[in-house]
Amino acid sequence: MNQKPKHKIGWLWENMKGYRVLYAVGILGTIVYNIMQLTVPFISSKIVDLFLAGEKAAENLSLHRDLFYKLVAAMVLLTFLRTTVVYLVCLDMEKVSQKVLYRIRTYLFDKIETQDMRFYNTFRTGDLMTRVTGDLDAIRHMIAWVLRAIIESFSLFFATAVYFFCMDWLLALCVLAIAPFIFLIIRLFRDKVAPRHKQLREKHAQMNTAAQENISGNRVVKAFAREEYEIQKFDECNKDYARMNEKTAMTWLTYFPYVETFANLMPLVLLLVGGIFIINGRITMGEYVAFSGLIWAVQQPMRMMGNIMNEFQRFSAASEKVMEIYYSEPAIVDAPDAIDRPERFAGRIEFKHVSFQYEDGNLPVLRDVSFVIEPGQTVAIMGETGCGKTSLINMIPRFYEPTAGEVLVDGYNVSKLKLRQLRKNIGLATQDVLLFSDTIDGNIAYGDSSISQKEVEKFAKYSAAAAFISKMPEGYETIVGERGVGLSGGQKQRISLARALAVKPAILILDDTTSAVDMETEKQIQHSLQELDFPCTKVIIAQRISTTKSADKILVIQDGRITEAGTHDELVAQKGYYYNLVRLQTGEEE
């Protein structure tokens, strides 16, 4: 069950745990240095009234020159102090943003790693990559700059407004009367730009997905000479993203002239009204200088609000996607009363009236399947493509849950066993092999990195991989390319089989693992599997009769049901699907 997502800012605060005091100090520092912005205009106004434009200016300058120098020195020192505070605040918030970014990215990757198959069927790889890269950068930027800019803008605006009202409330009211119009424009801009940032984020994810799929499938692209087609397809995604980016940017440029116009009216109002007030004696020249020196402190937050709102909406769109993963929970987890079985499993498998259907499917994949595999037996599963063979074996390590019935291992329902203990007892090798960008030794020892070099070589011999590995440039230390680039299909399958065997599983599941190897190598592998130095129940999906012939039991699946079960000789005698397959592969049937 998914946790209830928090509000976006509350979620950020949750992830600042351990750094909240530091961030609060940064916020306080932001407020302090913006209040300090008022000190220079305040001192300037005093200098003007006392030493430049006041009635006793000349007298004060001659009698209190030391005060003049002190005021000038105070301006310099306060400016230096304010600059220092700004620098420290920026360091503070950048540090917190990097710590939070690291924490969220780590948590997000951990969350992705612990998801079930339904999750990976739902989310595209490119989309997930966008969430742990670009989206997280928008979140970091929110902490390091956007929140600080919001606090800076509001604290500067309100501090200046209070100062203005303290000097002359009527002049302050005249100058600040323009502010509501700017806030209204910013509000209209926010409503317009928010959906565009969501669309922009989707376009970015689509572009990343297109690039990721193309790079992963580079062999297919080159095999069909479709480079130009793929370049054109990516170019379209790139153009869509660029157009959406431009459209989003132009949204602010549409509203910017209005904000700029109203902001620039403030100095004009000050000049007109302030000039009249000086003539009438309502304010002094020093007070006018203070107003004039701080008018930017009212204008700048207004101008900044557009950029701030733009970045905030970018954060909002990104955080929504990140939080979707952050609060997602896998459906397949350890039961609260899960059985603890740290000992090695015996390897007995039983299916009791199992039916299965994918959540997004309309028809059941498996219907009322029942069979038993005793410890140490070798069972072969055969059937037409799409009949449910792979779905069946995926329920043994509990990649999927049956929609009806039970899957039992050693007499226990797999849903009652701890996932880690269950899967540690299962070795899995599939037809679609994924090898990591690592050495051959590292790939074979992936399931148990503590095994010795001697054991790695032993399992390579079991899988008939030792011969070709010895001919590699660096032997077992040869680095294989991403996804095993540089190796043939048969070589990758043999390394995959060695990897499955290296964990010494109680249950070995092979999904058409020898489909890409020659008959002689297959025979060698079959012999090795019969001579393993550890007890092991073997479940093999295969299409070759040479693979299934020596199995203790053969199950034939058709349309989601087991239609034939028995040994090779028994099924041949039944003269059904298996019999016809034997005749087809041995050349007896024209």
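Report, as a whole number in µm² per second, the diffusion coefficient that Stokes-Einstein gives for region 342-468 at 4 °C and 1.567 mPa s using the Kirkwood radius over alpha carbon pairs.
After rounding, the answer is 77 µm²/s.
Using a cut-off of under 14 Å, list every residue of region 121-151 whose amide N is near the label point 7 Å from the Cα of Tyr102 along the Cα-to-beta-carbon line.
Correct set: none at all.
Taking all protein chains in place and a 1.4 Å probe, what share, in percent, of the accessible surface of the chain do carbon and sulfur account for?
With neighbouring chains kept in place, the figure for the chain is 58 percent.
Among 248-255, 25-32, 291-298, how do they line up by average Cβ neighbours within 10 Å per residue, starting with the highest?
By packing density, highest mean first, the sequence is 291-298, 25-32, 248-255.
With all protein chains present and a 1.4 Å probe, how do Cys387, Cys166, Cys90 order by accessible area, largest first?
Cys166, Cys90, Cys387
Calculate, for Leu265 and Asn121, the FRET efficiency according to 1/(1 + (r/R0)^6) with r their C-beta to C-beta distance and R0 60 Å; round to the nearest 0.05.
That pair, Leu265 with Asn121, gives E of 0.55.
I want the antiparallel fraction of DSSP beta bridges within the chain, as a percent rounded to 5.
DSSP beta bridges in the chain are roughly 45 percent antiparallel.
Compute the long axis of helix 577-586 from its Cα atoms, compare it with the longest principal axis of the Cα atoms of the chain, and write down the angle in degrees, 0 to 90, nearest 10.
For 577-586 against the chain, the angle is about 80 degrees.
Report the extension gain between Leu81 and Val372 in nm, rounded to one decimal, defined as 0.36 nm multiplied by the number of residues separating them, less their alpha carbon distance.
Gain on extension, Leu81 to Val372, equals 96.8 nm.
Compute the FRET efficiency between Asn280 and Cys90 as 1/(1 + (r/R0)^6), taking r as their Cβ-Cβ distance and R0 = 35 Å, and round to the nearest 0.05.
After rounding, the FRET efficiency stands at 0.20.
Cα convex hull of region 411-457: how many Å³ per residue?
Dividing the Cα hull volume of region 411-457 by its residues yields 125 Å³.
Can you compute the FRET efficiency between Phe534 and Glu320 using 1/(1 + (r/R0)^6), with r the Cβ-Cβ distance and R0 = 56 Å? Round to the nearest 0.05.
Efficiency at R0 = 56 Å is approximately 0.70.
Please state the relative contact order of the chain as a whole percent: Cα pairs under 8 Å, 6+ residues apart?
About 14 percent, as a whole number.
Beyond 15 Å, what share of the Cα-Cα pairs of region 543-590 remains, rounded to the nearest whole percent?
Result: 39 percent of Cα pairs exceed 15 Å.
Please give the length that would be gained between Ile231 and Phe165 if that part of the chain were fully extended, namely 0.36 nm times their separation in residues minus their C-alpha to C-alpha distance (nm, one decimal).
Full extension of this stretch gives 17.6 nm more.
Find the all-direction average of the projected area of the Cα convex hull for region 437-590, expressing the result in square nanometres with one decimal place.
Computing the convex hull of the Cα atoms and averaging its projections yields 10.5 nm².
Could you compute the net charge surrounding Ile339? Neighbours are other residues with a C-beta less than 12 Å from the C-beta of Ile339; K and R count +1, D and E count -1.
So the environment of Ile339 carries a net charge of -2.
Checking a compactness column here: for region 270-339, what do you get for Rg(Cα) / (2.2 N^0.38 Å), N being the number of residues?
That works out to 2.51 for region 270-339.
Suppose only helical runs count, i.e. DSSP H with n ≥ 4. What mean residue ellipticity at 222 nm does that imply for the chain under -39500 (n - 2.57) per run, divided by all residues and rounded to the nearest 500 deg cm²/dmol?
Calculated from helices alone, the mean residue ellipticity at 222 nm is -20000 deg cm²/dmol.
Run the Debye formula on the Cα coordinates of region 180-309, all scatterers equal and no solvent, and tell me log10 I(q)/I(0) at q = 0.09, 0.13 1/Å.
-0.50, -0.71
Hey, what's the per residue convex hull volume over the C-alpha atoms of region 122-263, in cubic angstrom?
Spread over its residues, the Cα hull of region 122-263 gives 117 Å³ apiece.
Just how large is the dipole of the chain about the Cα centre, in debye to the nearest 20, putting +1 at every Lys and Arg Cβ and -1 at every Asp and Glu Cβ?
Dipole size: approximately 1640 debye.
When the distances between all Cα atoms of region 83-192 are binned every 10 Å from zero, what whole-number percent does each bin get?
The calculated distribution, bin by bin, is 11, 26, 23, 21, 12, 6, 1.
If you fit an axis through the alpha-carbon atoms of helix 20-35 and take the longest principal axis of the Cα set of the chain, what angle between them do you get, 0 to 90°, nearest 10?
So the helix axis and the longest Cα principal axis differ by about 30 degrees.
Taking amide H positions as placed in the peptide plane 1.01 Å from N, state which residues far from Ser355 in sequence (5 or more) or on other chains have amide H under 5 Å from it.
When sequence neighbours closer than 5 places are left aside, the close amide H contacts are Asp368, Val369, Thr403, Ala404, Gly405.
If you take the Cα Rg of the chain and divide it by 2.2 N^0.38 Å, with N the number of residues, what do you get?
In units of the 2.2 N^0.38 Å rule of thumb, it is 1.45.
Please work out how much length the chain gains when fully extended from Glu570 to Phe224, using 0.36 nm per residue of separation minus the C-alpha to C-alpha distance, in nm with one decimal.
120.1 nm
May I ask you to list the residues of region 315-337 whose amide nitrogen lies under 15 Å from a point 7 Å from Cα along the Cα→beta-carbon direction of Lys17?
327
Using only the Cα atoms of region 131-211, what are the Rg and Dmax in Å?
Cα radius of gyration and Dmax of region 131-211 are 19.0, 61 Å respectively.
For region 42-127, count all C-alpha to C-alpha pairs, find those more than 16 Å apart, and express that count as a whole percent of the total.
Considering region 42-127, 72 percent of its Cα-Cα pairs are separated by more than 16 Å.
The values are calculated or read from the model by the stated rules, or taken from the named source; none is laboratory data. From a predicted model like this one, the values you see are computed outputs, not experimental measurements. Reconstructed Cβ throughout: ideal geometry from the backbone, glycine too, with neighbour counts over all protein chains shown. Accessible surface areas use protein heavy atoms only, side chains included; no ligands, DNA or RNA. Shrake-Rupley method; radii C 1.70, N 1.55, O 1.52, S 1.80 Å.
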